[in-house]
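See below for the structure under consideration.
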Amino acid sequence: MNFDTVKEIAYLGPNASFSEMAKDLFCAKYDIKAYPEPMQTIRQVIEYVEDTPDTLGVLPVENSIEGTVRETLDTLMHSKNQNIKILSQIIMPIRHCLLARTTEFYSITGGIISHPQALAQCQNFIHDEMPRNINIIEATSTAEAARSLVNYNLTYAAIGSEKTAEVYNLNILKENINDDKSNQTRFVLIGDFETEKTGRDRTSIAFATDNRPGALMEILNIFYENNINLSYISSRPSKQEFGDYIFIVNFDGHIRSKKILNTLTCVKEKTTFMKFLGSYEKNVS
């Protein structure tokens, strides 16, 4: 892909977020030289990419522990610009660290500050290695937790990433403190660009069917009959009528392949709604 014309790249902020780290990896991989634009919500990222020419976006789409990032998929499914699609993906390890203004681990007796999800992912560490009566303080993000340490004495620490420590000039007292050491998040790069076949591609679509017995099975049979491997399927409420769902499917292949294009033509005939979400290289980490 040629991203020479890209002027801006939006991502889920604030600065030092995992999405910014993913943005840096995408920029390095594709030699993207674009002005960074941190946004407060996933919806803002997608709408900014829709409304701004020559812009890319970076979003989390799936976590190995928490599962699908629903807001990303829901907003992409219903985006007003039909040309905005997934262009690439990376799978990034999520490693939390204990950060502080002090260098002494055993002086952390006052409190720990972080985003609720980060606190939940480090419960064992907090229980086993921190004082029993330590204060747990929730913040809107791991970056905000790090930034707020200036308002506390040296007995307080924050949970964040190595990038957070770098940006806010903090010491890393303990590394990789998350309970699940295999914690990973899949991030996607979105934009109004075309991708080329690599031979290691994945295609994502969203579709809806009539609410009747066997309707979904008819769709799945089309993939089976064409010997196409489905790697993921999930459902989301259609937000139109209770009990109606939109299905999201990932499968091997690229839309520029004749086999995939013919298959999707058959699928569309059996659906009440179908949206192409992107074809992109799948084995990128």
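Some values worked out for this structure:
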{"quantity": "Some residue of the range 156-166 being β-branched (V, I, T), buried (at least 18 other Cβ atoms within 10 Å of the Cβ) and modelled with pLDDT under 95", "calculated": "yes"}
{"quantity": "The range 1-37: number of residues that are within 17 Å of the chain's Cα centre (by Cα) and free of Cβ contacts under 8 Å to residues at least 12 places away in the same chain", "calculated": "1"}
{"quantity": "Check on Q89, touching a Phe, Trp or Tyr at 6+ places or on another chain (Cβ under 9 Å), at pLDDT below 90 and either more than 18 Å from P14 (Cβ to Cβ) or β-branched (V, I, T) (or both)", "calculated": "no"}
{"quantity": "Search result, residues across the range 115-152 that are among the basic types (K, R) and either in a strand (DSSP E or B) or surrounded by fewer than 17 Cβ atoms within 10 Å (Cβ to Cβ) (or both)", "calculated": "R132"}
{"quantity": "Odd one out for E8 among (1) crowded, with 17+ Cβ neighbours inside 10 Å; (2) modelled with pLDDT of 95 or more", "calculated": "(1)"}
{"quantity": "In the range 118-130, residue farthest from the chain's Cα centre (by Cα) [restricted to those that are more than 11 Å from G160 (Cα to Cα) and touching a residue at least 40 places away in the same chain (Cβ under 8 Å)]", "calculated": "E129"}
{"quantity": "Filter pass, I172 being within 19 Å of F18 (Cα to Cα), free of Cβ contacts under 8 Å to residues at least 60 places away in the same chain, assigned to a strand (DSSP E or B) and more than 20 Å from the chain's Cα centre (by Cα)", "calculated": "no"}
{"quantity": "Filter result (in contact with a helix residue (DSSP H, G or I) (Cβ under 8 Å, 6 or more places away or on another chain) and loosely packed, with under 13 Cβ neighbours inside 10 Å) within the range 240-263", "calculated": "none"}
{"quantity": "Enumeration of residues in the range 219-236 that are at pLDDT 95 or above and charged (D, E, K, R)", "calculated": "E225"}
{"quantity": "Residue match in the range 210-232 (condition: touching a residue at least 40 places away in the same chain (Cβ under 8 Å), in contact with a Gly (Cβ under 9 Å, 6 or more places away or on another chain) and of a type outside the set (K, R))", "calculated": "no"}
{"quantity": "Check on F223, among the aromatic types (F, W, Y), surrounded by 13 or more Cβ atoms within 10 Å (Cβ to Cβ), more than 19 Å from K85 (Cα to Cα) and in contact with a Phe, Trp or Tyr (Cβ under 9 Å, 6 or more places away or on another chain)", "calculated": "yes"}
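This table checks each residue for (1) in a helix (DSSP H, G or I); (2) out of contact with any Pro (no Cβ under 6 Å at 6 or more places or on another chain); (3) surrounded by 19 or more Cβ atoms within 10 Å (Cβ to Cβ).
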residue: K23; (1), (2), (3): yes, yes, yes
residue: I32; (1), (2), (3): no, yes, no
residue: E37; (1), (2), (3): no, yes, yes
residue: Q44; (1), (2), (3): yes, yes, no
residue: P53; (1), (2), (3): no, yes, no
residue: L59; (1), (2), (3): no, yes, yes
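The values are calculated or read from the model by the stated rules, or taken from the named source; none is laboratory data. Worth saying up front: this structure is predicted, and the values here are computed from it rather than measured. Positions of Cβ are generated from backbone atoms using ideal geometry, with glycine treated the same way; all protein chains shown enter the neighbour counts.
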